[in-house]
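Take this structure, written in structure tokens, and hold onto it; I'll ask about it next.
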Amino acid sequence: MSKEKLIIFDTTLRDGEQSPGAAMTAPEKLRIAKALERLKVDVIEAGFPASSDGDFAAVQSIARTIKDSVICGLARANAFDINRAGEALKDAGQSRIHTFIATSPLHMREKLQMEPDQVVEQAIQSIKLARNHTDNVEFSPEDAGRSELDFLCRIVEAAIKAGATTINIPDTVGYNLPNQYGNTIKQLIERVPNSANAIFSTHCHDDLGLAVANSLAGVMNGARQIECSINGLGERAGNASLEEVVMAVKTRHDLMPCYVDLDTTQLMNCSKLVSSITGFAVQPNKAIVGANAFAHESGIHQDGVLKARETYEIMRAEDVGLVSNKLVLGKLSGRSAFKNRLEELNISLDSVEELNQAFRRFKDLADKKSEIFDEDIQALVSNFIEEENTSEKIKLVSIKACSETGETPEAKVTLSIDGEEKTAVAQGGGAVDAAFKAIEDMISSDANLQLYSVSNVTEGTDSLGEVAVRLEKSGRIVNGQGADTDIIIASAKAYVNALNKLLNPGDKVHPQVFEGV
């Protein structure tokens, strides 16, 4: 018997963005969407168009640009949300509206303050309205993991009859165990009379660390779509990790009743891009994309892998986008070699001028480092694109920092603000703190620093350092990135990058105030 295809529904740009501090600008969302398209993701949930004008614009831009994936917009079960989603998606080659309403007794009573009959009727009307915009409609009974099975059967049957083509069963709060969640999927497919007219989907959260296990349990019991996100990004503890569910299906194809056809060699690039844009670092021991996922330190393991890779590795590193050889580029390398490596890394720049500017930055880096690695190239270009896509009211001109034993650290920073140079000197608990205070003396943003994160891109003391900064002011949350071999300079770049976003009124408000499945 031939296997059925498992649809991979990525929600990095919607549920992933609901992670506290993970707000993305429209250009950042488009960059991730393009990476997901290269990964050959089947459905991209681009956002929640009704949540803000910024998110509407981002979904609209993605719908107009992405051609090879279905573009989906989330909408609560009301006319405003659904029409807003339909408007944002109208130019998409392939579109889907994903509408939802809560179905657990707790949510219906406390949040919706509605009777079950009212919930069913609102779901039906919303699905019918969504069908006016697209024939691809997904319905989710929110908090299905804690809903009564009989009521789930009733509302799912009504949703399919109203025109829903995909039925998603969210374990919204990550409450279920695998056997329980799998049985829910099984019971729904068996008990709902018209279940054959829809594809059943999983959407599992990781509050108990079971999101991937629950998703796979759903698949083993008849689900043919998994909703997941890059690096497991999402509300609270996150969602099912896309890279983990995909590689589990591919690696254990002997047991799986279905297959995926994603280009898994793009997984590492997607992971690094999402991590860079959101400022959420990937833990070293993270499955599939962590720095140690294919590393071996134990002598016994090393000996086994050298004799036969399969002794301790169940996947090939190359299958997820890692390369065993390092990129040997340096200050004598030419533009053509640099361009060729960008193409191999699936990094695209929009113009010759952008390529030239990126190449100049590469040469500057090569003067500081004896060897340039793939990770350096990815970080350098990502930082360059980030700056290009951010309206630069403020530019870092120069920075001088002094840190001496027994003395208070001091920093002198010069900024270009709307074309006019200003300089400030400040002291702080460390060189970075002093630099940030000097910048604030000139900008006076009154923003709260919520996150300061430093990570090395490669090994060695001359490694390119990546800094992520998260600022908050009046409910607006922005992330800034900076990269340099000097961590003080990288920190100042990241802070300035965040300030430019914070001071740009076109950037969206973080969508945390809106509910989701």
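Run the dipole for region 4-278 about the Cα centre, Lys and Arg Cβ at +1, Asp and Glu Cβ at -1, nothing else charged, and hand back the magnitude in debye, nearest 20.
In debye, rounded to 20, region 4-278 gives about 460.
Residues with beta-carbon under 14 Å from that of residue 3, excluding residue 3: net charge, scoring Lys, Arg +1 and Asp, Glu -1?
After counting each charged neighbour, the total is +1.
Would you please name the trypsin sites (Lys or Arg not before Pro) within region 1-41 that are DSSP coil residues with at most 11 other C-beta atoms within 10 Å of their C-beta?
Answer by residue number: 3.
Another question about this same structure. Relative to the Cα centre, what is the charge dipole magnitude of the chain, using +1 at the beta carbon of each Lys and Arg, -1 at the beta carbon of each Asp and Glu, and rounding to the nearest 20 debye?
The dipole magnitude comes to about 780 debye.
Separate question: Can you list the lysines whose alpha carbon is less than 28 Å from that of residue 412, not counting same-chain residues fewer than 8 positions off?
Hits, sequence-local ones excluded: 363, 368, 369, 393, 395, 400, 422, 437, 473, 493, 501.
In whole Å and largest first, what semi-axes does the C-alpha gyration tensor of region 4-278 yield when each eigenvalue is scaled by 5 and square-rooted?
Equivalent ellipsoid semi-axes, largest first: 25, 23, 17 Å.
Would you mind getting me the FRET efficiency between residue 395 and residue 344? Use the beta-carbon distance for r and R0 = 30 Å, nearest 0.05.
So, using R0 = 30 Å, E works out to roughly 0.40.
While we're on this one: Report which label in (i) 39, 26, 23; (ii) 36, 32, 21; (iii) 42, 28, 20 holds the value of semi-axes √(5λ) of the Cα gyration tensor in Å derived from the coordinates of this structure.
(iii)
With a cut-off of 8 Å between alpha carbons and a minimum separation of six or more residues, what is the relative contact order of the chain in percent?
This gives 13 percent for the chain.
Starting from the Cα coordinates of region 335-387, work out the convex hull volume and express it per residue in Å³.
Taking only Cα atoms, region 335-387 has a hull volume of 76 Å³ per residue.
With an 8 Å Cα cut-off and a minimum separation of 6 or more residues, compute the relative contact order for region 431-505 in percent.
Relative contact order, region 431-505: 26 percent.
May I pose another question? Can you give the longest run of the chain that contains no GluC sites (Glu not before Pro) sitting in a DSSP loop with at most 10 other Cβ atoms inside 10 Å?
1-296
Throughout, read-outs are computed from the coordinates displayed, never taken from laboratory work. These numbers were taken from a predicted model, which means no experiment stands behind them. Reconstructed Cβ throughout: ideal geometry from the backbone, glycine too, with neighbour counts over all protein chains shown.
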